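Working notes, beginning with the structure itself.
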Amino acid sequence: MDLNKYFESSKGVGFLTTTDEAERFETPVSARPIIIDSQTIAFIMRANQPYRNLSLNPKAVYIYLEESDEYEGKRLFITKTGEEKDSDKLLEIYKNANNGREPDKSTGPMFLVYFNIDEIHPLLV
């Protein structure tokens, strides 16, 4: 599946689900993933609960619900493989996605977190 084409051609909302050490779920609304290649995606993250959870459990699920009359979308089962903190690459991606606007550094560091795509499933089984 060409994820770049998919996310460029669809509108919708995404959620990144992570778990903490007690296996409590955290599922905030999330930006679309940054497509690195056919097996790798990334997200720009702050040092918040989902980010902290990934240091305890690198497994996560990205759920994307398409804007439509049907319940269509994708579930991406992913595993964290690495990260960059406040890198030039992160800054470039952020500025491209935000019309050249600089990130607000007063809210703390930002991380470009990489994930391997383990499985892709439709939203509904």
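Miscellaneous remarks
- Within region 76-125, the set of residues being assigned to a loop (DSSP other than H, G, I, E, B) and within 19 Å of residue 27 (Cα to Cα) comprises 123, 124.
- Only a single item in (1) closer than 21 Å to residue 6 by Cα; (2) outside any strand (DSSP E or B); (3) touching a Lys or Arg at 6+ places or on another chain (Cβ under 8 Å) is not met by residue 62, and it is number (2).
- The number of residues in region 65-75 that are part of a loop (DSSP other than H, G, I, E, B) and either polar (S, T, N, Q) or touching a residue at least 12 places away in the same chain (Cβ under 8 Å) (or both) comes to 4.
Residue-wise test of (1) surrounded by 12 or more Cβ atoms within 10 Å (Cβ to Cβ); (2) of a type outside the set (D, E, K, R); (3) at pLDDT below 95.
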{"position": "1", "(1), (2), (3)": "no, yes, yes"}
{"position": "7", "(1), (2), (3)": "yes, yes, yes"}
{"position": "18", "(1), (2), (3)": "yes, yes, no"}
{"position": "33", "(1), (2), (3)": "yes, yes, no"}
{"position": "38", "(1), (2), (3)": "no, yes, yes"}
{"position": "74", "(1), (2), (3)": "yes, no, no"}
{"position": "81", "(1), (2), (3)": "yes, yes, no"}
{"position": "92", "(1), (2), (3)": "no, no, yes"}
{"position": "96", "(1), (2), (3)": "no, yes, yes"}
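- When residue 8 is tested against (1) under 19 Å from residue 94 (Cβ atoms); (2) in contact with a strand residue (DSSP E or B) (Cβ under 8 Å, 6 or more places away or on another chain); (3) not small (Gly, Ala, Ser), only condition (2) is not met.
- Listed by first and then second residue, the pairs with beta-carbon distance under 7 Å, at least 6 apart or on different chains, first residue in region 27-42 and within 14 Å of residue 115 (Cα to Cα), second at pLDDT 95 or above and assigned to a loop (DSSP other than H, G, I, E, B), are 41/33; 42/33.
- Scanning region 76-93 for residues that are in contact (Cβ under 8 Å) with a residue 40 or more places away in the chain and out of contact with any Asp or Glu (no Cβ under 8 Å at 6 or more places or on another chain) gives 81, 93.
- Qualifying residue in region 102-120 (condition: without any contact (Cβ under 8 Å) to a residue 40 or more places away in the chain and within 19 Å of residue 10 (Cβ to Cβ)): no
- Counting only strands (runs of 3 or more DSSP E) that sit wholly inside region 1-58, those with at least 2 residues that are over 22 Å from residue 87 (Cβ atoms) and within 15 Å of the chain's Cα centre (by Cα) are 12-19.
The values are calculated or read from the model by the stated rules, or taken from the named source; none is laboratory data. Everything numeric here is computed off the predicted structure, so don't read it as measured data. Cβ: placed from backbone, ideal geometry, glycine included. Neighbour counts: every protein chain shown.
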